[in-house]
Amino acid sequence: MLRILFLIFQVLLFITPAFAQLTNEGNPFINNYTQKNFKASPLNGAIVQDNRGVLFFGNTYGFLEFDGNNWRLVELPNKTIVRSLAKDNKGQIYVGGQNDFGYLQPDAQGQMQYVSLKPLIPAKFKEFEDVWKIYPTNEGVYFSTSSGFYVFRNGKIYLFPIPGGLSGSLFYVQEQLFIQVPGRGIYEIKNKQATFIPHSEPLGNYTVVEMLPFTNNRILMVTQENGVFVYDNYSDFKSWPTPAADFFKLNRINCAIALPIGYAFGSTLGGLLILDQNGNPQKLLNRENGLQNNHIQQICQDNAGNLWLGLNNGIDYVEINSPFTQFNAKNGVPGTGYASLLHAGKLFLGTNDGLYYKNWAANENPLASSSFQLMAGTQGQVNNLQLINGQILLAHHNGPFAIMNNKAVRISDHTGLWLFLELKSKPGYVLGGTYTGILLYKKEAGKLVFVRKISGFQESSRVMEEDEFGNIWVGHVYKGIYKLKLSESLDKVQNLKFYNNRHGFPSNLFINVFKINNQLVFTGESGIYQYNKQKDRFEENEEFSKYFDKNTHIRKLIQDREGNIWFSAGDEMGVLQKRGDGTYTIEIKTFNKLAGRLVSRFELIAHYNDSTVFIGTNEGFVLYNPAFPEGKLPDPSFLTLIRKVETTAGSRDSLLSGGTYLAKGVSTVVQPPNKTPQLPYRLNSLRFTFSATSYEEANKMQYQYFLEGYDPNWSLWTPASQKEYTNLMEGTYVFHVRGQDIYHKTSSEATYTFTVAPPWYRTIWAYIFYVIFAFLLILLLRKFIKQQEIIERERLRQEQDKALKLQEAQHAEQVLKAEKEIIKLNNEKLENELLHKNKELASSAMHVTQSLDSIHRLKDQLQDTMIRINDGEALHHMRKLLRSVEEEINFENNWEQFEVHFNQIHQDFIKRLRNDYPQLTHRDIKLCTYLRLNLSSKEIASLLNLSLRGVETSRYRIRKKMNLEQEVNLTEFILKY
């Protein structure tokens, strides 16, 4: 089924668009391919396109293959130049070189390679010079050399010599074979016989470069320097009467082809000339207006109706089958396009360089065309061109001008004019919007005369419209929009109202006003609006909003005479085509070619008639012909081809497929089942390279792909022409890819099927090995288990013996542990008792100290009382009481008792301290004793009747007497002593 579809596609692909026609005015879009692009010899002399849409170019180094993205050079076995290329009705490509000819065929990897037919040539005819032309016919393939022509038929090759043994050139036209023999004339080949055509002798003296079909079964015979002759197919040869006759004689015609619209002639000196079928010149293309050079070696019309030119230095692609042509620096209009006007047989184009003009004729002869001229005094930025009451007005950076007799006449001494606005409410008056306000002009005696500057408004007035009530609306690029009501005398702004995002617009930016159907339509940073007078607000315009995305910034709206609305919105341009019922159909795809080319915020779209719409671009102007061709663009199908499939997992990339296959002797892009590769698992990373054979804006082609068996769905559209997959699991995969051109036309899918084998450890043999290994492993395990059972029983017996011994050891250990626990408890009990004794000693010491304090106070009170007593007996008793108190104060007896108890509790601490440190005083001993009780400095100060500072001083003195190091803590030392 896929093969049938592919054959149908091949038929459709090469139905030349019969309705194509050429737009005379302007230059077509031309894409120049230089030697840097194709990296081969600059000379390219033969061109052919195969059924896939891939192009081949004869080159000095071999032949070039081009798919829209990638160039590939293939050399012939003898490294010679490729002079000729041709394709038969089956799509087979034939190649002619020097002393060799053959055909192209995909090799084992799917890339087109040259196959020589020379081995089939009889030995005595094997040597020949250049093969200049190749003609595939129903009777075989003819290879033309200067000494004769070879015929490839039914797998054999025959030589047909030139009559008279001379040199000559072979031509095939209207299923007839002709030979031009220099010095003799023209012969026709019939039934393997050469028959001289009477009255052809004059052509024997000329160099005939091509023969082309002409009307009424006639033939055009194109000579190199002597013009074109019409042969009536009998015996009459007449010079073709054409305005291009002088061009043919002066520019050395090198090649020619027939087109649906006429003929294309390539010269060595004058470039490319296209004529209609009557011989009228339609287009002249040369180095001055777009070609790389004037020396054209070969012409080929591709399946899209456009021309490929093989040049002496480079390759050019000329889009003649397009509704778009250009006016730019290459045809005399430098700069960015801002304004245009077509009036009274003249075309005016305004750029940032000035105003250019020329005569405009619908069928101008390109060989005698007028050139653009820069109008004197208009150098610089042109802002607008308008026709008001039959007068051409120029709004210029330098001020206002009127165009009269191809001259710019200044209207007033002002500068910075944006546009003119004719007042409907005040006939005879015209406003001029400037960079800083509005000027008033009046029409007098057919001329525009400056009246005054309108006061009360100083803002930039680049966008202006008048509503039905005579209000003037002025849009400002970043502030908002103003509504002005002028005074009756037009001398000032009587009423001014300002609107911005507080009045219904999404923001203050890019608010514009346009007149559609005699009503004002407003646009903002997004959306399209209308003014509600009752609410004094702006509301969504439901009539037109439905045709645009609500977030799109609509930059321009222009209505033509038929009611169609041309627009620029976002990055797109389009037209709302009016239907009979008043609704619109939107057309955008046609203008996708212009995406990104329009002058942002200064868009120019000027509709003049059914075939003339001028569009300002960053590089000049584009002329759009809505009637091309007859209201319908050609719709050639194109293929997306998988050009390379490479494995990337190895040490270096390896080509799996070039995307072309040989099936029953015919090249095809449909992968045969026997060409499905089985990849080892180590090669499970692949890279796919693909290209679409649509050459208009080929760099903007988008692709979409998915890998069946891996990706869940198609990818997003992307300009990338490669996709890589890494570390694929084993399985069968199908890679799908398709292309989409700038007009959003989608190609057919290309597919490639491949299988990734599992790694060795996941193959069927591996699984068989795993089963056998598992079986043997079970046997070994069974034997091992039995041995282990014996070992286990012995181990258990030994463990029982060990267990008994262990129980005995554990019992002894438990007894020892119990004894240790008892000792531990006794120690804890002793420590608790010691702690309790320490607390008692400390409490006792504190109590004694407190008692002594009380006794000392009592002693002091007794002494004070004795001073005041006069009675002798009473005084005697008081002295006796005082001695008793003093005896109680004697603390030495109390300390000795305290020391006895303390030594008992703390292993003779005080005795050891006196023995080890005899230099310690009695007070030092007391301080050490209190430190042993872990009393605080405050408590010690109270016991020793010292201040805290005195305690610290005593501690320092003790450390010194005990010779303690600085890092040793005295309290810790005493506690551990």
Mind counting the residues in segment 755-765 that are among the hydrophobic types (A, V, I, L, M, F, W, C) and either touching a Phe, Trp or Tyr at 6+ places or on another chain (Cβ under 6 Å) or within 30 Å of Asn592 (Cα to Cα) (or both)?
1
Tell me which residues, restricted to segment 298-354, are of a type in the set (S, T, N, Q), without any contact (Cβ under 8 Å) to a residue 40 or more places away in the chain and surrounded by 23 or more Cβ atoms within 10 Å (Cβ to Cβ).
none
Which of the strands (runs of 3 or more DSSP E) found entirely inside segment 303-364 contain at least 1 residues meeting this: among the acidic types (Asp, Glu)?
314-318
Counting just the residues of segment 899-953 that are acidic (Asp, Glu) and assigned to a helix (DSSP H, G or I), which one comes out surrounded by the most Cβ atoms within 10 Å (Cβ to Cβ)?
Asp924
Among the strands (runs of 3 or more DSSP E) lying completely within segment 481-570, list those that include at least 1 residues that are among the acidic types (Asp, Glu) and out of contact with any Cys (no Cβ under 6 Å at 6 or more places or on another chain).
537-540
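Yes or no, residue by residue, for (1) at pLDDT 95 or above; (2) in contact with a Gly (Cβ under 9 Å, 6 or more places away or on another chain):
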| residue | (1), (2) |
| --- | --- |
| Asp711 | yes, no |
| Trp714 | yes, no |
| His736 | yes, no |
| Tyr743 | no, no |
| Thr753 | yes, no |
| Val756 | yes, yes |
| Tyr770 | no, no |
Please go through segment 610-628 and give me each residue that is modelled with pLDDT of 95 or more and among the acidic types (Asp, Glu), ordered by number.
Glu619
Conditions (1) closer than 30 Å to Met729 by Cβ; (2) surrounded by 10 or more Cβ atoms within 10 Å (Cβ to Cβ) -> Trp765 fails only (2)
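In segment 123-137, what residues are more than 19 Å from Asn78 (Cβ to Cβ) and in contact (Cβ under 8 Å) with a residue 12 or more places away in the chain?
Result: Lys133, Tyr135, Pro136, Thr137.
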For Ala408, work out the one condition from (1) exposed (fewer than 15 other Cβ atoms within 10 Å of the Cβ); (2) small (Gly, Ala, Ser); (3) more than 30 Å from Leu259 (Cβ to Cβ) it doesn't fulfil.
(1)
Would you mention how many residues in segment 435-457 are within 19 Å of Asn471 (Cα to Cα) and either aliphatic (A, V, I, L, M) or in a strand (DSSP E or B) (or both)?
10
Can you name the residue in segment 700-710 that is assigned to a loop (DSSP other than H, G, I, E, B) and in contact with a Phe, Trp or Tyr (Cβ under 8 Å, 6 or more places away or on another chain) and is also surrounded by the most Cβ atoms within 10 Å (Cβ to Cβ) among such residues?
Gly709
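Select from segment 323-338 the residues that are touching a helix residue (DSSP H, G or I) at 6+ places or on another chain (Cβ under 8 Å) and farther than 17 Å from Met375 by Cβ and list them in ascending order.
Pro323, Phe324, Lys330
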Quick check on my filter: what residues within segment 954-966 are buried (at least 16 other Cβ atoms within 10 Å of the Cβ) and part of a helix (DSSP H, G or I)?
Ser954, Arg955, Ile958, Arg959
Quick check: anything in segment 500-523 free of Cβ contacts under 8 Å to residues at least 40 places away in the same chain, closer than 15 Å to Thr436 by Cα and not hydrophobic (A, V, I, L, M, F, W, C)?
no
Being over 30 Å from the mean Cα position of the chain (by Cα), surrounded by fewer than 19 Cβ atoms within 10 Å (Cβ to Cβ) and over 19 Å from Gly480 (Cα atoms) is true for just one of Glu543, Glu539. Which residue is that?
Glu543
Every listed condition ((1) in contact with a Leu (Cβ under 9 Å, 6 or more places away or on another chain); (2) modelled with pLDDT of 95 or more) holds for Gln109 save (2)
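What number of residues in segment 570-595 are β-branched (Val, Ile, Thr) and within 30 Å of the chain's Cα centre (by Cα)?
4
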Taking the conditions exactly as written (at pLDDT below 90 and buried (at least 17 other Cβ atoms within 10 Å of the Cβ)), does Phe149 satisfy them or not?
no
Given Tyr681, Tyr695, Tyr661, Tyr705, which one is free of Cβ contacts under 8 Å to residues at least 40 places away in the same chain, among the hydroxyl-bearing types (Ser, Thr, Tyr) and not assigned by TED's automatic domain parsing to the domain that holds Leu55?
Tyr705
If I ask for residues that are under 15 Å from Asn625 (Cα atoms) and part of a loop (DSSP other than H, G, I, E, B), which ones from segment 571-587 would you list?
none
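The values are calculated or read from the model by the stated rules, or taken from the named source; none is laboratory data. What you see is a predicted model; the values in this text were computed from it and never measured. When we count neighbours, we look across all protein chains shown, and the Cβ atoms used for this are built from the backbone with ideal geometry, even at glycine.
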